[in-house]
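Engineer: For reference, the structure I am asking about is given below.
The values are calculated or read from the model by the stated rules, or taken from the named source; none is laboratory data. Keep in mind that what you see is a predicted model, and the values were worked out from it rather than measured. Cβ atoms come from the backbone with ideal geometry, glycine included; neighbour counts cover every protein chain shown. Surface areas here come from the heavy atoms of the whole protein model, side chains and all, with no ligands, DNA or RNA. Shrake-Rupley method; radii C 1.70, N 1.55, O 1.52, S 1.80 Å.
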Amino acid sequence: MVLRAQGTATAPGVPAGLLARWGIPADAELLRAERGCNNRTYAVAHRGRRWVLRISQNLSTAQARAEHRLLGQVRAADLPFGVPDPVPTVAGDTVAETPAGPATLCRWIPGMRPDLDTEPALERFGRVIGLLSRALRTVPWSDAPQDWRGDPLRAHPDAPETAELVRALRDAGLAPARVRRLEAAARHVVPGTPETGGGLPAQVVHGDLGASNALVDERTGEVTGVLDFEMAGPDARVQDLLVGLLLSGALAGPGWACRAAALVRGHAAVLPLDQAEIQAVPDLLVLRCVGSVFWRAGRWRRGQATLSDVADRVAVLESVAAWLAVHRGRLLTVLAAAGG
């Protein structure tokens, strides 16, 4: 649905007069993004020019500015794909403060969402993860909007304690066995241990590298852009690869070993894994899923998500844990053969 920003009657969720802060006329068109659950994102078009407007629900103004410093350093790395390029407002700032959250306008990056069903596409995507990881290696940790080095259960500032979340899920009717499995998984999260990435090579990572945060050329399949760096922050270096495995669909279905090998092979062509990183991947996959439950629970407490959204993340945690119970050894073999 196209929404027109006319005078003070702007599109739902867009504060009145916001686009004028970038000098964009009131007759510009706004198209709400179909995907994305963490922000309000709109495509903006006016007389042949295009931008992306994001009103963040997760970042403070200071965090948004840190994200923009990070993006400037990544763009300087001369990567073969684009990353968001914030446009200064008329006043010269790249962040516009609004009651709905800090707003950013970025230049349009052409491309479409990738289809990662084939091994060549996964290998290209793995190479992009490696190239981006190498570019992020020199970014100061203070120039990142997040910091993932602490307790994964407390990553979201409003995340509930485990006991509170367990009570809420039980009261909402989630099956007791599923609640117990979440509780057991949360008990095993001990920050700083090898199972949570302690001792592994650490740097700033993107934090959310999946198909929904990438763009590709429709004709060639080459990646044209990597988006949404609001989750970027210091963490184990291998985090972006394992998130790529999880969010790309590479681990799904009977042909998962070949698809996972393709993704890891592309990454290793740029940035090989060391033995400690390989051994940590299975536990870090579970940790990522546990952290995702508590992140979504923090958004639930803010009124930005439903308890059903949290339950969906519990289902993903259960699915990944069950998959690893069968395939953990084979996964480690694939990682060692393709990524070392």
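Engineer: Could you tally the net charge around GLY266, taking each other residue with its Cβ under 10 Å from the Cβ of GLY266, Lys/Arg +1 and Asp/Glu -1? Walk me through the intermediate numbers first.
Structural biologist: On the way: positive: ARG124, ARG127, ARG265; negative: GLU119, GLU123.
Summing Lys and Arg as +1 and Asp and Glu as -1 gives +1.
Engineer: Rounded if a/c is under 1.5, else prolate if a/b beats b/c, else oblate: with a ≥ b ≥ c from the C-alpha gyration tensor eigenvalues square-rooted, which is the range 194-336?
Structural biologist: Values: a/c = 1.40, a/b = 1.18, b/c = 1.18.
It is rounded, given that a/c, with a ≥ b ≥ c, falls under 1.5.
Engineer: Once percent of Cα pairs over 32 Å apart is worked out from the coordinates, which option in [x] 32; [y] 38; [z] 24 does it equal?
Structural biologist: [x]
Engineer: Would you calculate, for the chain, the mean residue ellipticity at 222 nm contributed by helices, counting each DSSP H stretch of 4 or more residues as -39,500 (n - 2.57) and dividing by all residues, to the nearest 500?
Structural biologist: Details: 8 runs with 137 residues, N = 340.
The helix-only estimate for the chain comes to -13500 deg cm²/dmol at 222 nm.
Engineer: Give the percent of DSSP beta bridges with both residues in the chain that are antiparallel, rounded to the nearest 5.
Structural biologist: In the chain, approximately 95 percent of DSSP beta bridges are antiparallel ones.
Engineer: Determine the dipole magnitude for the chain: charges of +1 sit on the beta-carbon of Lys and Arg, -1 on that of Asp and Glu, nothing else is charged, the reference point is the Cα centre, and the result goes in debye to the nearest 20.
Structural biologist: Dipole magnitude for the chain comes out near 320 debye.
Engineer: Quote the relative contact order of the range 193-340 in percent (integer), defining contacts as alpha-carbon pairs under 8 Å separated by 6+ residues.
Structural biologist: Worked out over the range 193-340, it gives 24 percent.
Engineer: Please build a GNM for the chain, connecting alpha carbons under 10 Å apart, and tell me which residue among ALA91, ALA305, ALA135 fluctuates the most.
Structural biologist: ALA91
Engineer: Residues of the range 100-237: accessible area per residue at 1.4 Å, in Å²?
Structural biologist: For the range 100-237, the per-residue accessible area is 46 Å².
Engineer: I would also like to ask the following. Once R0 is set to 22 Å, what does the formula 1/(1 + (r/R0)^6) return for the Cβ-Cβ distance between SER212 and HIS188, expressed as a FRET efficiency to the nearest 0.05?
Structural biologist: On the way: r = 29 Å, r/R0 = 1.30.
After rounding to 0.05, the efficiency reads 0.15.
Engineer: Using a Förster radius of 51 Å, what is the FRET efficiency between THR333 and ALA26 based on their Cβ-Cβ separation? Nearest 0.05, please.
Structural biologist: So the FRET efficiency works out to roughly 0.30.
Engineer: Please check: in the Gaussian network model of the chain (C-alpha springs, under 10 Å), which one of PRO272, PRO88, PRO176 has the largest mean-square fluctuation.
Structural biologist: Comparing PRO272, PRO88, PRO176 in a Gaussian network model of the chain, the most mobile one is PRO176.
Engineer: Quick check: pseudo-label points 7 Å beyond the Cα along Cα→Cβ at VAL87 and ALA163, how many nm apart are they?
Structural biologist: Going by the 7 Å Cα→Cβ label model, 5.2 nm.
Engineer: Please list CYS289, CYS258 in order of solvent-accessible area, largest first, computed with a 1.4 Å probe with all protein chains present.
Structural biologist: Accessible-area ranking of CYS289, CYS258, largest first: CYS258, CYS289.
Engineer: With labels modelled as points extended 7 Å from the Cα through the Cβ direction, what inter-label distance (nm, one decimal) is found for ALA76 paired with GLN279?
Structural biologist: 3.7
Engineer: Just to verify a number: FRET efficiency for SER308 and ARG113, C-beta to C-beta distance, R0 = 35 Å, to 0.05?
Structural biologist: Numbers: r = 25 Å, r/R0 = 0.71.
Calculated value: 0.90.
Engineer: Sticking with this structure for a sec: Note down the nm distance, to one decimal, between modelled labels 7 Å out along Cα→Cβ at ALA100 and at ALA269.
Structural biologist: Going from the ALA100 label point to the ALA269 one covers 4.1 nm.
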